[in-house]
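Okay, so here's the structure we're looking at.
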2 protein chains.
Amino acid sequence: MKLLKELILKKGEVKNSSLLKVDSFLNHQIDPNLMFEIGKELKERFKDKEITKVLTIEASGIAIGIMAALTFNVPMVFAKKKKPSTMNDSFNTTVHSFTKNKDYNVTVSKEFLNENDKILIVDDFLAMGNAVLGLSDIVHMAGAEVVGVGIVIEKGFQDGGKILRDKGFNLESLAIIDSLENNKITFRD
Amino acid sequence: MKLLKELILKKGEVKNSSLLKVDSFLNHQIDPNLMFEIGKELKERFKDKEITKVLTIEASGIAIGIMAALTFNVPMVFAKKKKPSTMNDSFNTTVHSFTKNKDYNVTVSKEFLNENDKILIVDDFLAMGNAVLGLSDIVHMAGAEVVGVGIVIEKGFQDGGKILRDKGFNLESLAIIDSLENNKITFRD
């Protein structure tokens, strides 16, 4: 996705060989026009799929998820990291974040996923794939199906993309970064 | 806002005389078309204002904030409740949530607010007003100006609306609920 790659090159900051800071347009300050274009691009990439809901995880997946949901004209559900006091029965799993070196809970109310759902999972980054695998576990607990995974930035030098593709996920990453070595951003293709 | 009030009446669940559950369309499962209409309504309500950024707080403000940002064609910044390891210098304050009965930190990187900014603060709920006051503190730390506050649901039976209006905030709430007594939702007007 050309606009995205241009923004990554222009505004992304390589912090070290595995860490790219994109909080000026993707996950702290967010460019709404980029989000809208990402929504349209995800619609294009999954245009042949029947999708009933978009699923993501708080917080930085939400802006992407809501724009994808707008283009697909379906609800967006975001998994919470803490179960609110008002939530009824829920699906729960634990995800390990290598980036933050901690485990966190992922919770979705049973009210919002059911066995008829065809789910598009979206997220901002794909590194080791654990967030997607956790969300996928929750989808399966509901008896629903993951029909696609849409990622904004895949760290192609980490294992998540290979793991998900090997498991048969229909994964589309809008930008794949193969290296951040020597302070240089190298895209796949 | 008619569509919003209709959804609140149709899908809102009164849990007790101060708690309205709207997580089927506003803060867990989210209706993207409602968000888009909320963005347009906020643009209409603040059409005479110069706004350079939309500011909200994770997680349930993000979907609202990004749609408002889209209609104003400005960036959206969301305050984080934990400071990420990659964040440089930041503005910080503490907010007390009466709903959750706890204090939490609110953090915005100094990179994304400056003295030229004219800020629209948005959030899903207004109860005692503490989240808005905390965000406003952060805006003032940056030397910037709060030109408006856009709220989706104001709990008119709690003090936040009065406190903010008395302080001179230009506050627009898209639905004001004056009572949840006897399991009945009563709107102002």
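Got a number for residues in the stretch B:36-74 being of a type in the set (G, A, S) and outside any helix (DSSP H, G or I)? Show your work before the answer.
Start the filter on the stretch B:36-74 by keeping residues that are of a type in the set (G, A, S), which leaves B:39, B:59-61, B:63, B:65, B:68-69.
Imposing the further condition that a residue be outside any helix (DSSP H, G or I) reduces the set to B:59-61.
Selection size over the stretch B:36-74: 3.
Determine, yes or no, whether A:K15 is surrounded by fewer than 18 Cβ atoms within 10 Å (Cβ to Cβ) and at the interface with another protein chain (Cβ under 8 Å from one of its Cβ atoms).
Details: surrounded by fewer than 18 Cβ atoms within 10 Å (Cβ to Cβ): yes; at the interface with another protein chain (Cβ under 8 Å from one of its Cβ atoms): yes.
In short, yes.
Considering every residue within the stretch A:4-12, establish whether at least one is within 14 Å of A:I151 (Cα to Cα), in a helix (DSSP H, G or I), more than 8 Å from chain B (Cβ to nearest Cβ) and of a type outside the set (A, V, I, L, M).
Yes, the stretch A:4-12 has at least one match.
Kindly list the number of the only condition in (1) in contact with a strand residue (DSSP E or B) (Cβ under 9 Å, 6 or more places away or on another chain); (2) assigned to a helix (DSSP H, G or I); (3) surrounded by fewer than 18 Cβ atoms within 10 Å (Cβ to Cβ) that fails for B:G161.
(3)
Looking at the stretch B:161-175, I want the residues that are at pLDDT 95 or above and have a partner that is surrounded by fewer than 17 Cβ atoms within 10 Å (Cβ to Cβ) and charged (D, E, K, R) with Cβ atoms under 7 Å, at least 6 apart or on another chain. Which pairs are those?
Going by the 7 Å Cβ cut-off, the qualifying pairs are B:L171/B:R165.
Could you grab the pairs with beta carbons closer than 7 Å, sequence gap of 6+ or different chains, first residue in the stretch B:97-109 and more than 11 Å from chain A (Cβ to nearest Cβ) and closer than 17 Å to A:P84 by Cβ, second one of a type in the set (G, A, S) and not in a strand (DSSP E or B)?
Sorted first by the residue in the stretch B:97-109, then by its partner, the pairs are B:F98/B:A127.
Can you tell me which residue among B:D103, B:D123, B:D189 is under 24 Å from B:L3 (Cβ atoms), in a strand (DSSP E or B) and of a type in the set (D, E, K, R)? Working first, answer last.
Details: B:D103 fails: under 24 Å from B:L3 (Cβ atoms); B:D189 fails: in a strand (DSSP E or B).
Result: B:D123 is the single residue among B:D103, B:D123, B:D189 that is under 24 Å from B:L3 (Cβ atoms), in a strand (DSSP E or B) and of a type in the set (D, E, K, R).
Select from the stretch A:25-74 the residues that are touching a strand residue (DSSP E or B) at 6+ places or on another chain (Cβ under 8 Å), more than 7 Å from chain B (Cβ to nearest Cβ) and among the hydrophobic types (A, V, I, L, M, F, W, C) and list them in ascending order.
A:L26, A:I38, A:L42, A:F46, A:I51, A:V54, A:L55, A:I57, A:I64, A:A68, A:F72, A:V74 - these are the residues of the stretch A:25-74 that are touching a strand residue (DSSP E or B) at 6+ places or on another chain (Cβ under 8 Å), more than 7 Å from chain B (Cβ to nearest Cβ) and among the hydrophobic types (A, V, I, L, M, F, W, C).
Condition check: modelled with pLDDT of 95 or more, out of contact with any Asp or Glu (no Cβ under 9 Å at 6 or more places or on another chain) and among the basic types (K, R). Does B:K118 satisfy that? Don't jump to the end; show me each part of the working.
On the way: modelled with pLDDT of 95 or more: yes; out of contact with any Asp or Glu (no Cβ under 9 Å at 6 or more places or on another chain): no; among the basic types (K, R): yes.
It is false that B:K118 is modelled with pLDDT of 95 or more, out of contact with any Asp or Glu (no Cβ under 9 Å at 6 or more places or on another chain) and among the basic types (K, R).
Going by the conditions given, is B:L20 at pLDDT 95 or above, more than 8 Å from chain A (Cβ to nearest Cβ) and not in a strand (DSSP E or B)? Explain how you work it out, then say what you get.
Values: at pLDDT 95 or above: yes; more than 8 Å from chain A (Cβ to nearest Cβ): yes; not in a strand (DSSP E or B): no.
So B:L20 does not fit the description; no.
Within the stretch A:75-96, which residues are in a strand (DSSP E or B) and within 11 Å of chain B (Cβ to nearest Cβ)? So that I can check it myself, show each step before the final result.
Restricting attention to the stretch A:75-96, the residues satisfying the condition of being in a strand (DSSP E or B) are A:76-80, A:90-96.
Correct list: A:M76, A:V77, A:F78, A:A79, A:K80, A:S90.
In the stretch A:110-132, what residues are more than 14 Å from chain B (Cβ to nearest Cβ) and more than 11 Å from the chain's Cα centre (by Cα)?
Of everything in the stretch A:110-132, those that are more than 14 Å from chain B (Cβ to nearest Cβ) and more than 11 Å from the chain's Cα centre (by Cα) turn out to be A:E115, A:N116, A:K118, A:M128.
Out of (1) at pLDDT below 95; (2) over 27 Å from A:L113 (Cβ atoms), what's the single condition that is false for B:A79?
It fails just one condition, (1).
Any idea which residue in the stretch B:72-87 is surrounded by the fewest Cβ atoms within 10 Å (Cβ to Cβ), counting only those that are among the β-branched types (V, I, T) and closer than 19 Å to B:K53 by Cβ?
So in the stretch B:72-87, the residues among the β-branched types (V, I, T) come out as B:74, B:77, B:86.
Those left that are additionally closer than 19 Å to B:K53 by Cβ: B:74, B:77.
Details: B:V74: 20, B:V77: 27.
Looking at residues that are among the β-branched types (V, I, T) and closer than 19 Å to B:K53 by Cβ, I get B:V74.
The values are calculated or read from the model by the stated rules, or taken from the named source; none is laboratory data. The shown structure was predicted, so the numbers you read here are calculated from the model rather than taken from an experiment. Glycine gets a Cβ as well: all are built from the backbone with ideal geometry, and neighbour counts include every protein chain shown.
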